[in-house]
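Student: Structure provided below as structure tokens; questions to follow.
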Protein chains: 4
Amino acid sequence: MKCMVDLCVIPIGQGVSVADEIAQCQRILARFDIDTKLHAYGTTLHGEWDEVFAAVKACHQELHEAGVTRLSSTLKVGTRTDKEQTFADKKQAVIDRLSKD
Amino acid sequence: MKCMVDLCVIPIGQGVSVADEIAQCQRILARFDIDTKLHAYGTTLHGEWDEVFAAVKACHQELHEAGVTRLSSTLKVGTRTDKEQTFADKKQAVIDRLSKD
Amino acid sequence: MKCMVDLCVIPIGQGVSVADEIAQCQRILARFDIDTKLHAYGTTLHGEWDEVFAAVKACHQELHEAGVTRLSSTLKVGTRTDKEQTFADKKQAVIDRLSKD
Amino acid sequence: MKCMVDLCVIPIGQGVSVADEIAQCQRILARFDIDTKLHAYGTTLHGEWDEVFAAVKACHQELHEAGVTRLSSTLKVGTRTDKEQTFADKKQAVIDRLSKD
């Protein structure tokens with residue numbers, strides 16, 4: 001089962017800037033066999049369910065090992081059985097409709 | 001690693017009422033070794049990370065097998081290394097502060 | 001337009017415990033003409049759209065005024081035109097189905 | 001108060017494809033004095049709080065007027081008092097750290 005996941009990890013009790021922790025998550029995610037795309041309020045992941053969630057777990061686990069005491073992440077998790085969609089497919093489906101305006 | 005997860009599963013392309021699918025998720029979640037608590041806009045889960053996410057995966061997988069074509073879930077995922085908190089602990093920490101008002 | 005909102009406010013750059021800030025949100029929300037219900041991973045709000053979002057804005061604004069530098073909230077926002085549902089209605093619709101098992 | 005909002009609107013009880021509704025949201029959002037950026041699992045909004053939330057409300061209200069019975073949106077809402085950050089700033093802060101690897 002493939003899934004698309006939008007992941008936003010928030011370290012609690014660290015500084016006001018969380019860019020160090022988010023950069024660390026990017027390095028962790030890059031080790032997994034998934035597609036990733038950083039955006040302004042999270043990172044979108046695409047791949048096999050088990051691989052995607054192994055990556056999410058590694059982010060939590062390794063940030064804790066690096067000294068972050070508390071994390072709260074928000075995820076949107078999409079699955080569908082009718083077709084497989086890439087990041088580009090999903091945006092394009094919307095843009096196609098707008099281009100006819 | 002223990003986690004607390006707030007899970008809200010939304011079937012897409014089914015009817016306006018999604019109570020059947022949410023009831024089915026409750027039956028699925030009950031098979032796992034996790035604590036669950038249904039609330040008005042989701043279900044909170046608590047337990048070992050792997051068990052909690054096996055339960056979330058089973059919800060997606062089994063709803064698809066039952067004929068739901070598309071799902072989009074929203075999850076909040078909390079982990080912390082300083083202490084373990086139950087559902088009741090988290091609410092009580094807030095209520096304690098309010099009771100001093 | 002009525003809405004049901006699940007609100008989880010996370011202060012960033014404060015301490016590991018956020019119960020003080022969540023308690024402060026409860027005090028703020030109580031001033032508005034909305035129903036609220038605290039649960040383990042957020043607070044569910046129900047009422048007229050403008051009143052609910054005035055309450056959410058007040059939480060952000062007043063926590064900032066109290067010295068919190070950065071906030072990230074996660075909201076689920078539900079609206080429907082077919083019927084009005086209270087917190088209890090939504091849970092009951094699921095429980096009714098389970099009670100027939 | 002400025003805010004950055006990640007918005008994902010899900011129509012319930014419509015078809016499996018929701019691209020028509022998402023395209024309609026893009027047209028609605030474009031009428032407001034806010035910055036918007038479509039990504040694979042939502043749209044990020046940036047601007048004054050009241051303007052951003054007027055845009056979110058218009059999405060719900062106008063999709064209902066167009067015949068959608070039920071909607072559930074997921075929002076992440078970020079505010080901060082220390083500095084103003086654009087979409088590009090937030091991504092760049094992470095990319096800067098990765099570029100030193």
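The values are calculated or read from the model by the stated rules, or taken from the named source; none is laboratory data. Computed from a predicted model, the values in this text were never measured in an experiment. No Cβ is skipped: glycine too gets one built from the backbone with ideal geometry, and neighbour counts run over all protein chains shown. Each accessible area value is taken on the protein alone, full model and side chains, heavy atoms only, with ligands, DNA and RNA left out. Shrake-Rupley method; radii C 1.70, N 1.55, O 1.52, S 1.80 Å.
Student: Of these, A:Ile10, A:Ile28, which one is within 14 Å of chain C (Cβ to nearest Cβ) and open to solvent by less than 40 Å² (accessible area, probe 1.4 Å)?
Tutor: A:Ile10
Student: Residue check: is D:Glu51 farther than 19 Å from C:Arg80 by Cβ, open to solvent by 10 Å² or more (accessible area, probe 1.4 Å) and out of contact with any Pro (no Cβ under 9 Å at 6 or more places or on another chain)?
Tutor: yes
Student: Is there a residue being at pLDDT below 95, outside any strand (DSSP E or B) and facing another protein chain (nearest Cβ under 9 Å) anywhere in the stretch B:68-85?
Tutor: Residues of the stretch B:68-85 at pLDDT below 95: B:82-85.
Right, trim to outside any strand (DSSP E or B) and you get B:82-85.
Restricting the remaining residues to those that are facing another protein chain (nearest Cβ under 9 Å) gives B:82, B:85.
The answer is yes, given that some residue of the stretch B:68-85 is at pLDDT below 95, outside any strand (DSSP E or B) and facing another protein chain (nearest Cβ under 9 Å).
Student: Oh, and also: Check D:Leu63 against each of (1) open to solvent by less than 30 Å² (accessible area, probe 1.4 Å); (2) within 18 Å of A:Gln85 (Cβ to Cβ) and name the one condition it does not meet.
Tutor: Going through (1) open to solvent by less than 30 Å² (accessible area, probe 1.4 Å); (2) within 18 Å of A:Gln85 (Cβ to Cβ) one by one, D:Leu63 breaks only (2).
Student: Of all the residues that make up the stretch A:86-101, how many are open to solvent by 90 Å² or more (accessible area, probe 1.4 Å) and at the interface with chain D (Cβ under 8 Å from one of its Cβ atoms)?
Tutor: The qualifying residues number 1.
Student: If B:Asp35 satisfies every condition in (1) within 12 Å of the chain's Cα centre (by Cα); (2) surrounded by 20 or more Cβ atoms within 10 Å (Cβ to Cβ) but one, which is the exception?
Tutor: Result: B:Asp35 passes all but (2).
Student: Which residue, of C:Val18, C:Val77, is under 15 Å from the mean Cα position of the chain (by Cα), buried (at least 20 other Cβ atoms within 10 Å of the Cβ) and within 30 Å of A:Val68 (Cβ to Cβ)?
Tutor: Result of the check over C:Val18, C:Val77: C:Val77.
Student: Now for a different question. Taking D:Thr43, is it more than 8 Å from every other protein chain (Cβ to nearest Cβ), open to solvent by less than 60 Å² (accessible area, probe 1.4 Å), assigned to a strand (DSSP E or B) and hydroxyl-bearing (Ser, Thr, Tyr)?
Tutor: It is true that D:Thr43 is more than 8 Å from every other protein chain (Cβ to nearest Cβ), open to solvent by less than 60 Å² (accessible area, probe 1.4 Å), assigned to a strand (DSSP E or B) and hydroxyl-bearing (Ser, Thr, Tyr).
Student: Name every residue in the stretch C:34-84 that is acidic (Asp, Glu) and either touching a helix residue (DSSP H, G or I) at 6+ places or on another chain (Cβ under 9 Å) or farther than 20 Å from D:His60 by Cβ (or both), in order of residue number.
Tutor: Restricting attention to the stretch C:34-84, the residues satisfying the condition of being acidic (Asp, Glu) are C:35, C:48, C:50-51, C:62, C:65, C:82, C:84.
Hits for the stretch C:34-84 are C:Asp35, C:Asp50, C:Glu62, C:Glu65.
Student: Something else now. Looking at the stretch A:49-63, is at least one residue closer than 25 Å to C:Val68 by Cα and either within 14 Å of chain C (Cβ to nearest Cβ) or under 10 Å from the mean Cα position of the chain (by Cα) (or both)?
Tutor: At the first step, the residues of the stretch A:49-63 found to be closer than 25 Å to C:Val68 by Cα are A:60, A:63.
Retained after the next criterion (residues that are either within 14 Å of chain C (Cβ to nearest Cβ) or under 10 Å from the mean Cα position of the chain (by Cα) (or both)): A:63.
Taking every residue of the stretch A:49-63 in turn, at least one turns out to be closer than 25 Å to C:Val68 by Cα and either within 14 Å of chain C (Cβ to nearest Cβ) or under 10 Å from the mean Cα position of the chain (by Cα) (or both).
Student: Next up: Failed condition for A:Ile22, given (1) assigned to a helix (DSSP H, G or I); (2) more than 23 Å from C:Pro11 (Cβ to Cβ); (3) facing another protein chain (nearest Cβ under 7 Å), with all others met?
Tutor: (2) is the only condition that A:Ile22 fails.
Student: Is it fair to say A:Thr86 is farther than 26 Å from C:Leu75 by Cβ and either under 11 Å from the mean Cα position of the chain (by Cα) or touching a residue at least 24 places away in the same chain (Cβ under 8 Å) (or both)?
Tutor: So A:Thr86 fits the description; yes.
Student: Continuing with this model, one more query. Can you find even one residue in the stretch B:53-74 that is in contact with a Gly (Cβ under 9 Å, 6 or more places away or on another chain), farther than 21 Å from C:Val94 by Cα and of a type in the set (Lys, Arg)?
Tutor: The answer is no; no qualifying residue exists.
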